[in-house]
1. Which of (1) surrounded by 15 or more Cβ atoms within 10 Å (Cβ to Cβ); (2) at pLDDT below 95; (3) of a type outside the set (A, V, I, L, M) does Asn450 not meet, given it meets every other one?
2. Kindly establish whether Arg438 is in a loop (DSSP other than H, G, I, E, B), surrounded by fewer than 18 Cβ atoms within 10 Å (Cβ to Cβ), of a type in the set (Lys, Arg) and in contact (Cβ under 8 Å) with a residue 12 or more places away in the chain.
3. Is at least one residue of the stretch 143-163 touching a His at 6+ places or on another chain (Cβ under 6 Å), over 20 Å from Asn288 (Cα atoms) and either without any contact (Cβ under 8 Å) to a residue 24 or more places away in the chain or surrounded by 14 or more Cβ atoms within 10 Å (Cβ to Cβ) (or both)?
4. Taking only the stretch 164-185 into account, find how many residues are touching a His at 6+ places or on another chain (Cβ under 9 Å) and buried (at least 20 other Cβ atoms within 10 Å of the Cβ).
5. Which of the numbered conditions does Arg163 fail, given that it passes all the others? Conditions: (1) on the phi < 0 side of the Ramachandran plot; (2) in contact with a Pro (Cβ under 9 Å, 6 or more places away or on another chain); (3) not acidic (Asp, Glu); (4) not in a strand (DSSP E or B).
6. Conditions: (1) surrounded by fewer than 24 Cβ atoms within 10 Å (Cβ to Cβ); (2) in contact with a Leu (Cβ under 9 Å, 6 or more places away or on another chain); (3) part of a helix (DSSP H, G or I); (4) of a type in the set (A, V, I, L, M, F, W, C). Ala496 meets all but one. Number of the miss?
7. Quick check on my filter: what residues within the stretch 364-396 are closer than 16 Å to Leu504 by Cβ and of a type in the set (A, V, I, L, M)?
Amino acid sequence: MTPTRRVTLAGAVALAAVLLSAAPAPGEEFVNPKAQTPPRSTPQRRTAAEGVPPLPLPVTPVRRSERKRQPSPPALVGMINFSEQRFEIIEGERRAVAAFPTTQIDIEKLIHEANRKLDIRYRYIPTELEQFSWDPRELPLLYLTGWTPMPHLDDELIARLRRYLYDGGTLVLHAQCGRPEFINTARPQIARILPDRELAPIDTDSPLFNAYYSITSMRVRRDDKPFESMPPYLEAVYLGCRPAIIFSPVDLNCGWDVVNNPIEGGVLYHQDDALALGINIVTVTLANFQYARAWGTQKVFHEQDRDTRDELVIAQVMHDGDWDPTPHALPNLMKHIQANTTLNVQFKRAVVSLSDVDVFRHPVLYMTGLRDFELSDAEVTQLRSYLASGGVLIADSAAGRKAFDAAFRREIARVWPGGELAPLPPDSPVYDMPYTIRQVEYTPLANARNPELNAPALEGITIDGQTAVIYSPFSVANGWEQIDYPYNLGYAPGDALRLGVNLLAYALTH
């Protein structure tokens, strides 16, 4: 088992232990003390009044101060409120209460600290989904928290949320006080929003744990017990390489002093750790916004639905680890090949499963991903047979993520036990046709981590004298997409395209 996978699993196991031990007794009613904290008053600015009528001389005028409206900063976060109400008997009176109570204490504190730390100026505003414009440019981030069951969203709201995410928005949910009532009802709703994409733990090399603060552990407290340390834990659904839905089953406790005021029946992160994690979430959301907007723009390739004839059609392999983070990559690469080479390329991407016999129809298979994945025994056998029959597998780690890198190395060792991924030598034919490539440019993030990078870093496995597996731990596909992803550990777009042309040319001629 790989180190990244071990850390992710360790976080999940530690979290499960904490949540299960904090499960409420049957019939126990939870009272959230955070709900008793009123929101801060709107900041006011006082300035001396110039419009006071003059007083008769020789009386000296007394200057007085009047309130002036503080200019509103732009809104970053929309805090989702639901308008439904129910009635309860409180102190002998029938009173209307919110059907889904929530609090502002955490988002208030987070926005205040994020503005201070990041030197930005944003605010949050209450938002009702029925009245929201659904434009991410108006509100890049929607925020939802509660400790009671999450209201059921009708199909129309689900469809609008899905469109909002594809248009570049981000949705953050966390269980107030870590309550299972919210957790168990939020998960099915998330699954409805993006049904074809998995909500799963985030790997520890994610920008969410490293964007501003480097977070390697989190302190969590249940009831009034001592704090426990665990690896940072969040779950996410990805669109492309960005987390479009972020979910925390533990209270992202930014506004409550859980050190001195533990909450019976609660599971909360230490305030300092939660603030650090929250600031990372804000940082990533802001940094990813232009990427998210560009990625969500659907690209239509006129040959996608045309019957395949003699043209080259690249087959992308499905697996269980976010297998499609760069859907624009192959069509863009093929378009570049058609415009710059004599290869006969069709603007089409086939999607295949390794358990399907159709993989043998394709001379080249392509594989990428963000997270850990595992091949079944049948898929391992099929891929081994494909490579032994002369097929070529090209793979890269999307955004240079360590989790996929570790998983690919582990799984390809199962596929071809006698081989080992080794760096391709500088005189490899892969680097010579049609482009001669000896030096390449990397993305700013890759160069910041290793300023000495200037040569391609492809690896391969040789079978019967030919390189049958070609792998890049640095992303080439993000460069093929021609979309600027700020957290990409990979090749700059121009060199990524040149490498892509050489990879396919080599695969077809060898």
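1. (1)
2. Values: in a loop (DSSP other than H, G, I, E, B): yes; surrounded by fewer than 18 Cβ atoms within 10 Å (Cβ to Cβ): yes; of a type in the set (Lys, Arg): yes; in contact (Cβ under 8 Å) with a residue 12 or more places away in the chain: yes.
The answer is yes for Arg438.
3. Taking the stretch 143-163 as the starting set, the residues that turn out to be touching a His at 6+ places or on another chain (Cβ under 6 Å) are 145.
Pick out the ones that are also over 20 Å from Asn288 (Cα atoms) and you get 145.
Now restrict to residues that are either without any contact (Cβ under 8 Å) to a residue 24 or more places away in the chain or surrounded by 14 or more Cβ atoms within 10 Å (Cβ to Cβ) (or both): 145.
Within the stretch 143-163 (the criterion being touching a His at 6+ places or on another chain (Cβ under 6 Å), over 20 Å from Asn288 (Cα atoms) and either without any contact (Cβ under 8 Å) to a residue 24 or more places away in the chain or surrounded by 14 or more Cβ atoms within 10 Å (Cβ to Cβ) (or both)), the answer is yes, since at least one residue qualifies.
4. Step one: list which residues in the stretch 164-185 are touching a His at 6+ places or on another chain (Cβ under 9 Å), which gives 182, 185.
When the remaining residues are screened for being buried (at least 20 other Cβ atoms within 10 Å of the Cβ), the result is 182.
Adding up the residues that qualify gives 1.
5. (2)
6. For Ala496, the exception is condition (1).
7. First, pick out the residues of the stretch 364-396 that are closer than 16 Å to Leu504 by Cβ: 364-368, 390-396.
Val364, Leu365, Met367, Val392, Leu393, Ile394, Ala395 - these are the residues of the stretch 364-396 that are closer than 16 Å to Leu504 by Cβ and of a type in the set (A, V, I, L, M).
The values are calculated or read from the model by the stated rules, or taken from the named source; none is laboratory data. Not measured: the values here are computed from a predicted model. Don't worry about glycine lacking a Cβ; one is built from the backbone with ideal geometry, like all the others, and counts go over all protein chains shown.
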